[in-house]
Amino acid sequence: MSASRLTRRAFAAGLLAASLGSRRASAQGFAGLGGEAGGFAPVVPGRKLIFPQDHGPHPDFRIEWWYLTANLKDAAGNAYGVQWTLFRQAMAPGPQREGWDNQQIWMAHAAATSATAHRFAEKFARGGIGQAGVTAQPFVAFIDNWALRGDVAMAAATLSPLDVTAAGKDFSYALRLTSDHDLVLQGEQGYSRKSERGQASYYYSQPYFTAQGTLTLDGKPVEVSGVAWMDREWSSQPLASDQTGWDWLSLHLGSGEKVMLFRLRQKDGGAYFAGNWIGTDGRSQQLAPDAIALEPLGFTEIGQRSLPTRWRVQLRSHGLTVETKPLNPQAFMATSFAYWEGPISFEGDQTGVGYLEMTGY
Amino acid sequence: MSRALWILAVLLSHWRRHPMQFATLLIGLISATALWSGVQALNAQARSSYDRAAAALGGNRTAMLVSPDGNAFPQQLFVDLRRAGWPVSPVVEGSARIGTRSLRLLGIEPLSLPIEASAAPALGTADLQSFVLSPGATLLSPQTLRELELHDGDTPEISSSAKLPPLKAQAELAPGVLVVDIGAAQRLLDMPGRVSRLLVGSKDIGARAPLQQVVGDRLQLVQPEAETDLERLTDSFHLNLTAFGLLSFLVGLFIVNSAIGLAFEQRRPMLRTLRACGASARLLNGVMIVELTLIALAAGLIGLVCGYFIAATLLPDVAASLRGLYGAQIPGELSLKPQWWFTGIAISIIGTLGAASASLIKAARMPLLAAAQAYPWQQAQQRWLLLQGGGALLIFIIGLVLLWRGDSLVAGFAVLAAILLGAALGLPAILALALAAGERGARGPLTTWFWADSRLQLSGLSLALMALLLALGVNVGVGTMVESFSRTFDRWLDGRLAAEIYLNAANDQQAAEIKTWLKTRPEVRAILPGARAEVKLQDFPTELIGFADDATYRTNWPLLEHTADVWDRVATGEAALVSEQLSRRLHLSIGDHVTVPTDRGPWPLQVVAIYADYGNPRGQLGVAFNGLIKHFPDVAQTRFGLRVDPAQVPQLVEALRDRYQLGERSLADQATLKAVSKQIFSRTFAVTTALNAFTLGIAGVALLTSLLTLGQSRLPQLAPLWAIGLTRRRLAFVELMKTLAMAAITALLALPLGLLVAWCLIAVVNVKAFGWRLPFEVFPLELLKLLGVALLASLVAAALPILKLLRMQPAQLVKVFADER
């Protein structure tokens, strides 16, 4: 599971470096993320995650993100999806430099999706001058006028309550996120292994948020509420170099349980499956690769690309088979590095909502 | 298909039999395309440089936030605005000196830089990481890199303590600009935590807080300007070039038209045969269009290559005059965009088809059988003359209306075009009248024949003569203008540069030191302080220059109009001298009032004099030095003029240079300044003169080719004369005289036309283009010279056909009678 999560974030962080034109680096996987950690802090097992400190940035590590997706509904029952992500990437290791010399670069994506509209925006900023950044206490992650901010009453163990805001040319949203579940540590107490070769990341999530607030699409504000999922992850060397893309899903099951799974596509045509089953008590259980089956059911043509936007998901170990369909098959993020990310709903052994992400098509 | 190919082959065989005619057609097309595209290349080159200079990161293409006093402000305001939703990007600006060269140093923040502001697209794809992270990079244009005699990777010092990040050439950057990361710029310019201005991106990124709420009144929004100052100022210069390009193009098309017309006449029997063999009129016409398009394509390509060389040859002069006149930096190397090639080819094809349209229409309407007779194309000449004369009259009337009502530079050029076109169209009618008058006064059969045959020849030659008339007329006009200008300019410069030495100290402190030292020197008779401030009057960039109250100005400064007490009034600080440009632009005359926005509030001034300020694209106001200092307390007071005994000038200059290390730019004597100014102007007109010469050359070619093509068709007219006893030598002489007579009449007509053109240039175009008017002078010697050139050109053009006639075998002349004619 963690591999997938890291992978998808790494791709975005990779885009950050790729957009910086680092050609040599992009030859080794995504912007060198498959390369050596070279001077950055290594990810080692046994490190205990401490909150609220670890809500803040870890500039000694090369990449890091704060990643939120939400499935929402208005009073009339119309469904919406919201995405808010902030990435940090260090251009160079070493002590943090002052002002414009600071080596951190920040990037953010925000999107709002309905059945008929998909709006998104991206932002870039340099660290060191206060245009973007994250502080652990009081918790706030921000870039320009977008922010993910902890309430004065925020509990470090639940990362709740939070307020999230973002705005673009034709959309904006302001949501309050609350949860009474503790954070979920992924992998071995937050140490999440990526491969036999030692790639790993630190990783924790809050998949139990309930969300409430206002979403404005094309000038029309609506009151919305629903569920949200937040991921925190940081690493210095998370990726393998032979990956061509991935298909990733997060599912809020009707039973209150949560599922995250993905298929990592490789250059040689093979694929690597992984995922997690998170119980209502917050306990996370790794899924065996051979217990996961993903089968595309329908494709959407977007520009020159053909994207499998409908899937059959089978988790044999848990006796679960569902078929997913996108809220809006056109939920394409035509950002500096393009990918598909949007809300889905599913039916079958369980019903519910979730998010689908597809890259490399 | 194969039928079409056969027809094409048959049509092309005509050119094989008439290589001279084919050459004519090609020469016409090539020269038309070459001059047109050459001028276009020059204009495009200059314009793209302005764009780069303007859009680049500091120009006025992007909306900006600046502090009301124009000073730098804390970068926290940038952060505050970003956090409030503003798409702003910070810029730090200053100047840096490498060696003796002063350059503009720009610090940018590449991540937030609005796309529309980065005129250099390479900035986006450049290795940002290496640009941003230490040691960073200094981007500059390859030209500037060469001029500095430095290389990629060098880290020159810009002061004793600051070294630039490694240099890196970027072709898209404007010359004279150094671009570094904002952090580096703050360090280099010693502006920690401060920025010069914020660029405001035009992309909508969502709601933003009101400006006032975020920054109070610490910043104000400056809206982008549609046009840069440089574009505005240089517009007239480019229009000038374009007009010349167009003129040359038209002259070239005259040649094409005459060549195609003749070819068509000669191919009538061939066309008839083809039609009789079953080729439809449509197919025939289609193939003819294909044939012409192929020729136009080939000639257009050659023309483009020639155009490239013309542009490359003229570019140094154009660049020099644009730099001298407007301070515009144009790279010295041509870089042409693909669309230049496409338009060049398109122009060539369109021009060819346009010039051929009359012939094509005739061919399409040609009755199948009537085409058998190659009748003389002089038929229906009378009707044509009338039509053309009417057209000329109409165009003259349009020109008059434009002159009367028009108020723009374009209208000015339209008047000029009307004069030229009207004259060209009217030429055959006037020539016909002149030849008819000659015929009436003729005695003896040969003389009568001489005039009558000239009239018959007229329509065949009229296009070439028109071209000659235009070329000569423009030559006379431009020559007169340039000569008028250079004389006026010399006189004006003498008055304007009255002080013997001009000096610009590095700073106020050095200025004070120099002044103190100069006061101890006996040879210095007076120190005239000067100061300059820049303002905008009704959007017109205007400079204020401060005059000390001194006899030097009273006796020397050239004034066009003034009140009696002009200098006393100026000395009070309540009155101003106004440059001619400004007075025309703002419609100011003596006694009017003008209010100048200053650092210390509005400054009302009364206009007491208008003076010529040739070559200055900006407006200028002459005011009292003390008044200027009072209203602009921050202006540098580092400039002064020195009145010195002329004999002592070299020693004093030497002494000043040694003592204060003043460079060429900071210290100049009167003679040097005058030489530089004159050089700038001669270079400006060098381009005009060169284009002029090209045009005249093309006209000569037109005449030559017309005569050559006529030579063949005129055999039936000459053969009878030969048969009744005129020797070939005599015949040749008569032919030569005829050509010279017609050229002479044309050249004589060109003189008044040229003077009219000169008047139009001086009184209409110059005034609109540059804002100043020259006294109109006529230079008879120059006119005589041109007359001689015209006759010489016709003599040369006529020589080849005449020689051919001289050497013609009698058998060929006899053959005329045998042929079915």
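Out of A:Tyr202, A:Tyr208, A:Tyr173, I need the residue that is over 24 Å from A:Trp340 (Cα atoms), assigned to a strand (DSSP E or B) and among the aromatic types (Phe, Trp, Tyr). Which one?
Just a single option satisfies the conditions, and that option is A:Tyr202.
Restricting to segment A:176-189, name every residue that is in a loop (DSSP other than H, G, I, E, B) and modelled with pLDDT of 85 or more.
A:Ser179, A:Asp180, A:His181, A:Asp182, A:Leu183
Yes/no matrix, rows are residues, columns are (1) buried (at least 20 other Cβ atoms within 10 Å of the Cβ); (2) among the small types (Gly, Ala, Ser):
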position: A:Trp229; (1), (2): yes, no
position: A:Arg232; (1), (2): yes, no
position: A:Ser250; (1), (2): yes, yes
position: A:Ser255; (1), (2): no, yes
position: A:Gly279; (1), (2): no, yes
position: A:Phe299; (1), (2): no, no
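Would you say B:Leu360 is modelled with pLDDT under 80, under 39 Å from the mean Cα position of the chain (by Cα) and assigned to a helix (DSSP H, G or I)?
It is false that B:Leu360 is modelled with pLDDT under 80, under 39 Å from the mean Cα position of the chain (by Cα) and assigned to a helix (DSSP H, G or I).
Let me confirm something: among A:Gly133, A:Gly128, which residue is in a loop (DSSP other than H, G, I, E, B), small (Gly, Ala, Ser) and either within 14 Å of chain B (Cβ to nearest Cβ) or without any contact (Cβ under 8 Å) to a residue 12 or more places away in the chain (or both)? Write out each step before concluding.
Working: A:Gly133 fails: in a loop (DSSP other than H, G, I, E, B).
Every option except A:Gly128 fails the conditions.
May I ask you to say which residue of B:Ala564, B:Ala571, B:Ala531, B:Ala548 is hydrophobic (A, V, I, L, M, F, W, C), surrounded by 17 or more Cβ atoms within 10 Å (Cβ to Cβ), more than 29 Å from the chain's Cα centre (by Cα) and more than 30 Å from B:Gln651 (Cβ to Cβ)? Can you show your working first?
Values: B:Ala564 fails: surrounded by 17 or more Cβ atoms within 10 Å (Cβ to Cβ); B:Ala531 fails: more than 30 Å from B:Gln651 (Cβ to Cβ); B:Ala548 fails: more than 30 Å from B:Gln651 (Cβ to Cβ).
Answer to the selection: B:Ala571.
Can you tell me which of A:Thr116, A:Thr158, A:Thr165 is more than 10 Å from chain B (Cβ to nearest Cβ), assigned to a strand (DSSP E or B) and among the β-branched types (Val, Ile, Thr)?
A:Thr165
All but one of (1) away from every other protein chain (no Cβ under 14 Å); (2) under 23 Å from A:Asn145 (Cα atoms); (3) part of a strand (DSSP E or B) hold for A:Lys73; state the number of the condition that does not hold.
Evaluating A:Lys73 over (1) away from every other protein chain (no Cβ under 14 Å); (2) under 23 Å from A:Asn145 (Cα atoms); (3) part of a strand (DSSP E or B) leaves (2) as the failure.
Pull up segment B:188-209, narrow it to residues that are touching a residue at least 24 places away in the same chain (Cβ under 8 Å) and facing another protein chain (nearest Cβ under 9 Å), then point me to the one that is surrounded by the fewest Cβ atoms within 10 Å (Cβ to Cβ).
Applying the filter and picking the extreme gives B:Lys203.
Out of segment A:136-155, which residues are more than 14 Å from every other protein chain (Cβ to nearest Cβ), under 21 Å from the mean Cα position of the chain (by Cα) and assigned to a loop (DSSP other than H, G, I, E, B)?
The answer is A:Ala136, A:Phe139.
Which of the following residues is touching a Lys or Arg at 6+ places or on another chain (Cβ under 8 Å) and of a type in the set (A, V, I, L, M, F, W, C): B:Ala464, B:Ala432?
B:Ala432
Please name all residue pairs, on different chains or six or more residues apart, with Cβ atoms under 9 Å, provided the first residue is in segment B:498-527 and is over 30 Å from B:Leu559 (Cβ atoms) and the second residue is of a type in the set (D, E, K, R) and surrounded by 15 or more Cβ atoms within 10 Å (Cβ to Cβ).
none
Enumerate the strands (runs of 3 or more DSSP E) found wholly within segment A:232-346, keeping only those where 3 or more residues are touching a strand residue (DSSP E or B) at 6+ places or on another chain (Cβ under 6 Å) and touching a residue at least 24 places away in the same chain (Cβ under 8 Å).
A:243-253, A:258-266, A:271-278, A:292-302, A:305-315, A:320-326
Any residue at all in segment B:1-8 that is among the basic types (Lys, Arg) and either modelled with pLDDT of 85 or more or crowded, with 20+ Cβ neighbours inside 10 Å (or both)? Talk me through it step by step, then tell me what you get.
Here is the first cut: in segment B:1-8, the residues among the basic types (Lys, Arg) are B:3.
Those still in the list that are either modelled with pLDDT of 85 or more or crowded, with 20+ Cβ neighbours inside 10 Å (or both) too: none.
No, because not a single residue in segment B:1-8 is among the basic types (Lys, Arg) and either modelled with pLDDT of 85 or more or crowded, with 20+ Cβ neighbours inside 10 Å (or both).
Condition check ((1) within 13 Å of chain A (Cβ to nearest Cβ); (2) surrounded by 21 or more Cβ atoms within 10 Å (Cβ to Cβ); (3) modelled with pLDDT of 85 or more) across all residues:
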| position | (1), (2), (3) |
| --- | --- |
| B:Val79 | yes, no, yes |
| B:Gly85 | yes, no, yes |
| B:Val88 | yes, yes, yes |
| B:Arg104 | no, no, no |
| B:Ser134 | yes, no, no |
| B:Ala137 | yes, yes, yes |
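For A:Asp182, only one of the following conditions fails: (1) more than 14 Å from chain B (Cβ to nearest Cβ); (2) surrounded by fewer than 21 Cβ atoms within 10 Å (Cβ to Cβ); (3) within 30 Å of B:Ser202 (Cα to Cα). What is its number?
(3)
In segment B:566-620, what count of residues is obtained for those that are more than 30 Å from B:Ala763 (Cβ to Cβ), in a strand (DSSP E or B) and touching a helix residue (DSSP H, G or I) at 6+ places or on another chain (Cβ under 7 Å)?
Residues meeting the conditions: 2.
If I go through segment A:319-352 residue by residue, how many of them are under 17 Å from the mean Cα position of the chain (by Cα) and of a type in the set (Val, Ile, Thr)?
2
Collect the residues in segment B:156-187 that are within 14 Å of chain A (Cβ to nearest Cβ) and touching a Pro at 6+ places or on another chain (Cβ under 7 Å), keeping them in residue-number order. Spell out the reasoning first.
Residues of segment B:156-187 within 14 Å of chain A (Cβ to nearest Cβ): B:165, B:168, B:170, B:180-187.
Those that are within 14 Å of chain A (Cβ to nearest Cβ) and touching a Pro at 6+ places or on another chain (Cβ under 7 Å): B:Pro165, B:Val180, B:Ile182, B:Ala184, B:Gln186.
Looking at segment A:147-165, can you tell me whether even one residue there is of a type outside the set (Val, Ile, Thr), more than 20 Å from A:Gln53 (Cα to Cα) and either crowded, with 21+ Cβ neighbours inside 10 Å or in contact (Cβ under 8 Å) with a residue 40 or more places away in the chain (or both)?
Checking segment A:147-165: not a single residue is of a type outside the set (Val, Ile, Thr), more than 20 Å from A:Gln53 (Cα to Cα) and either crowded, with 21+ Cβ neighbours inside 10 Å or in contact (Cβ under 8 Å) with a residue 40 or more places away in the chain (or both).
Would you mind telling me which numbered condition in (1) modelled with pLDDT of 95 or more; (2) within 14 Å of another protein chain (Cβ to nearest Cβ) A:Leu217 fails?
(1)
In segment B:617-649, how many residues are under 23 Å from B:Trp517 (Cα atoms) and modelled with pLDDT under 85? Explain how you work it out, then say what you get.
Quick first cut of segment B:617-649, residues under 23 Å from B:Trp517 (Cα atoms) only: B:625-626, B:629, B:635-649.
Next, from what is left, pick out any that are modelled with pLDDT under 85: B:635-640, B:646.
Residues flagged as under 23 Å from B:Trp517 (Cα atoms) and modelled with pLDDT under 85 within segment B:617-649 amount to 7.
Mind checking which residues of segment A:81-107 are assigned to a strand (DSSP E or B) and away from chain B (no Cβ under 12 Å)?
Result: A:Gly81, A:Val82, A:Gln83, A:Trp84, A:Thr85, A:Leu86, A:Phe87, A:Arg88.
Would you mention how many residues in segment B:778-821 are under 41 Å from the mean Cα position of the chain (by Cα) and outside any helix (DSSP H, G or I)?
Matching residues across segment B:778-821 total 2.
So that you can scan it fast, the table gives a plain yes or no per residue for (1) modelled with pLDDT of 70 or more; (2) surrounded by 14 or more Cβ atoms within 10 Å (Cβ to Cβ); (3) assigned to a helix (DSSP H, G or I); (4) of a type in the set (Phe, Trp, Tyr):
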residue: B:Gln651; (1), (2), (3), (4): yes, no, yes, no
residue: B:Leu656; (1), (2), (3), (4): yes, yes, yes, no
residue: B:Gly663; (1), (2), (3), (4): no, no, no, no
residue: B:Ala675; (1), (2), (3), (4): yes, no, yes, no
residue: B:Lys678; (1), (2), (3), (4): yes, yes, yes, no
residue: B:Phe685; (1), (2), (3), (4): no, yes, yes, yes
residue: B:Ala693; (1), (2), (3), (4): yes, no, yes, no
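The values are calculated or read from the model by the stated rules, or taken from the named source; none is laboratory data. Not measured: the values here are computed from a predicted model. Counting neighbours? That spans all protein chains shown, and the Cβs are built from the backbone with ideal geometry, glycine included.
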